[in-house]
1. Along the three principal axes, how long is region A:88-232 when you take its alpha carbons, biggest first, rounded to the nearest angstrom?
2. Distances longer than 14 Å among the Cα atoms of region A:166-234: what percent of all pairs is that?
3. Could you work out how far the C-alpha centroid of region A:135-207 sits from that of region B:67-81, in angstrom?
4. What FRET efficiency, computed as 1/(1 + (r/R0)^6) with R0 = 45 Å and r the Cβ-Cβ distance, is obtained for B:R69 and A:D58, rounded to the nearest 0.05?
5. In nm, give the distance between the simple-model label positions of B:L201 and B:V126, each being 7 Å from the Cα along the Cα-to-Cβ direction.
6. Per residue, how much space in cubic angstrom lies within the convex hull of the C-alpha atoms of region B:61-318?
7. With 5 Å bins from zero, work out the P(r) of region B:181-323 over every alpha carbon pair and list the percent per bin.
8. Assuming R0 = 30 Å, can you tell me the calculated FRET efficiency for the pair A:D286 and A:F47, based on Cβ-Cβ distance, to the nearest 0.05?
Amino acid sequence: MTQSPVVESIDSVDTEETPVGGPATAAGPTRADSPAVIRTQGLTKRFAGGQLAVDGLDLTVPRGSVFGFLGPNGSGKTTTIRMLMGLIAPTSGVATVLGASMPQSVGSVLPRVGALIEGPALYGFLSGRDNLVRYDCADPTADPRTRARRVSEALDRVGLTAAAGKKARAYSLGMKQRLGLAAALLQPRELLVLDEPTNGLDPQGMREIRALIRELAGEGTTVFLSSHLLDEIEQVCTHAAVMSKGRLLVQGTVRELAARAQGRLVVRTPDAARAAEVLAARGVSDIRVAESRVDGEPATAGDDPLPGLCAALVEAGVRVSGFGVERGTLEDAFVALTGEGFDVAG
Amino acid sequence: MSQAEVAPPAPTVSAPKAAPVSTTVAAPVMEPVMEPMAASMVAGVRPQTAAGFLALFRNEITLTFRRTRTIALLGLLAALPVLLGVVVKIQTGNLHGGPGGPAFIAQVTQNGLFLVFAAITVALPVFLPMTVGVVAGDSIAGEAATGTLRYLLVAPAGRTRLLAAKFAAAMAFCWAATLAVALSALATGAALFPMGGMTLLSGDTIGLGGALLRAVLIAGVVALSLAGLVAIGLFVSTLTGSGIAAMATTVGLVILVQILDSLPQLQAIQPWLFTDHWLTFADLLREPMYWDGVLHNLGLQALYLAVFGSAAWARLTSRDITA
């Protein structure tokens with residue numbers, strides 16, 4: 001039994017080479033210095049009914065990232081997470097988690113992974129503490145001698161210490177969510193997979209959970225976070241991927257994704273109709289006129305900068321009370337990508 | 001490898017080949033790590049230990065007996081001998097000479113100890129297997145229905161290990177259920193009837209101590225003879241995501257098999273039904289004990305266990321967990 005002090009070098013390229021390492025084609029904008037914690041290649045799941053839930057997914061989650069996994073309901077997010085966790089077997093393709101293929105390596109991989117999948121599931125007749133003891137017992141690598149301490153620490157971390165003795169069936173949804181999160185935090189993890197972790201929480205609880213996610217990420221845990229709350233993804237994630245109808249539409253850093261959504265020029269003026277004419281003449285497209293407000297897409301890469309537009313408006317006698325560009329949000333990018341919404345760009 | 005090379009005090013949770021995540025992980029946007037993590041907070045590969053492996057079995061058995069349902073079932077089983085004893089006490093006159101009625105009932109009035117065997121004989125065909133069907137049928141399906149199955153599997157409990165733990169817990173319940181009947185019968189028998197040395201089926205007489213030993217032996221045999229049913233229940237439980245459906249199916253199967261076992265036209269298949277040799281435990285009330293039927297029964301249970309245990313394993317290890 002040699003206690004080798006090997007510390008896995010994160011920056012080393014060697015760790016990129018996994019036992020099952022297929023062609024390391026960098027699908028998506030992976031940072032070269034961070035080997036993937038999750039990598040899928042052509043991951044596909046067709047259910048018995050013939051329904052194609054996930055279709056040829058190539059996903060790369062860099063180590064150390066907080067990875068937002070977005071998509072409308074039924075887009076295959078949960079099926080993907082279940083395949084990553086070895087709960088369901090892929091129809092074809094490869095899923096690699098922490099360098100080992102799933103579901104073959106669940107025994108060696110999952111003790112290093114904490115997961116919250118499709119909401120918490122608890123034993124209602126057990127106390128919160130005993131629920132955690134139960135899940136801790138399920139992990140054969142968990143040392144029974146330190147179990148009580150681990151459970152107390154996990155309860156403390158999610159702020160449930162006071163309610164630890166209460167039966168789980170008496171818990172509110174938010175408390176159940178916290179307890180589920182505590183189960184994922186029983187051990188120090190290399191990867192946390194959190195499916196809608198702030199579901200059912202009040203705004204204060206949401207803030208706490210987000211702070212916790214940031215704290216965990218700061219400790220070096222990679223967080224894979226699925227959420228339908230785009231501002232949540234924008235607040236806590238460094239990377240994101242968008243799924244729709246079983247396919248991966250895009251993945252990259254949140255900044256890149258948000259940049260895809262073009263900002264809109266917004267002019268506030270009492271002379272809306274006149275302003276619209278001027279803007280149209282200057283190459284602004286997709287103009288929408290509302291009461292004392294006009295917005296549109298400024299010509300891309302045009303030589304006519306915004307100050308020029310503003311000057312033109314003033315020149316034409318338009319009384320401008322506000323002029324500016326509304327920044328593109330992840331939500332805009334999301335809507336544009338999934339086509340969910342009226343304003344489809346690209 | 002000298003311990004001196006290990007910088008932090010050797011953490012108990014870290015593996016021999018621990019690959020702790022470096023604290024220098026590039027985490028853009030994140031605030032830098034303030035201080036080195038405590039030894040207990042280092043992620044990495046941990047070894048699987050025997051104690052850790054067995055913890056699930058202990059937890060599973062404890063969990064089974066913490067359910068209100070389990071306690072209610074055991075209470076029901078314990079009430080049966082009391083009822084039987086009271087009825088026998090009241091109806092003493094009518095029981096003599098009557099040809100029918102369960103075995104041992106007639107002897108109960110002479111010796112309360114016989115209530116143990118009478119109660120087991122009454123409980124074994126229907127009540128015991130019904131309670132066992134509930135526990136075994138619900139084992140996997142119940143976890144699937146509440147969603148806890150997915151969390152156990154990502155813990156990761158391991159599908160084979162979980163199935164083994166469920167089997168162990170269900171067998172523990174069989175043992176407890178038989179014991180509930182036997183102990184309740186013993187207490188009732190002692191309260192209502194005279195106790196003492198016992199005349200065996202072979203005509204020999206043994207002392208009270210010997211008789212109690214036989215009661216313990218028989219309780220063990222009866223518990224083991226429910227193993228086949230437990231395996232069937234586990235298999236049914238892996239087929240569905242509804243605990244109620246699995247329980248109903250398993251209990252229904254018991255009733256169906258008991259009916260099949262009573263139809264004279266089906267004599268050809270009856271020796272292969274798991275219920276057919278259940279009552280052979282009575283052979284242990286002879287001197288010397290007659291083991292053929294008991295061993296035949298246990299062999300048949302082992303066969304059912306092998307067949308349905310394998311089926312349950314094959315099903316659970318290949319199944320997509322979508323609940």
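1. 44, 41, 29
2. Everything past 14 Å amounts to 60 percent.
3. 33
4. So the FRET efficiency works out to roughly 0.45.
5. 2.2
6. 131
7. The percentages, shortest bin first, are 2, 9, 14, 16, 16, 13, 11, 9, 5, 3, 1, 1, 0.
8. Rounded to the nearest 0.05, the efficiency is 0.15.
Values in this text are rule-based calculations from the coordinates and carry no lab data. Keep in mind that this is a model prediction, so the values were computed, not measured. Using ideal geometry, Cβ is built from the backbone for each residue, glycine included, and neighbour counts are taken over all protein chains shown.
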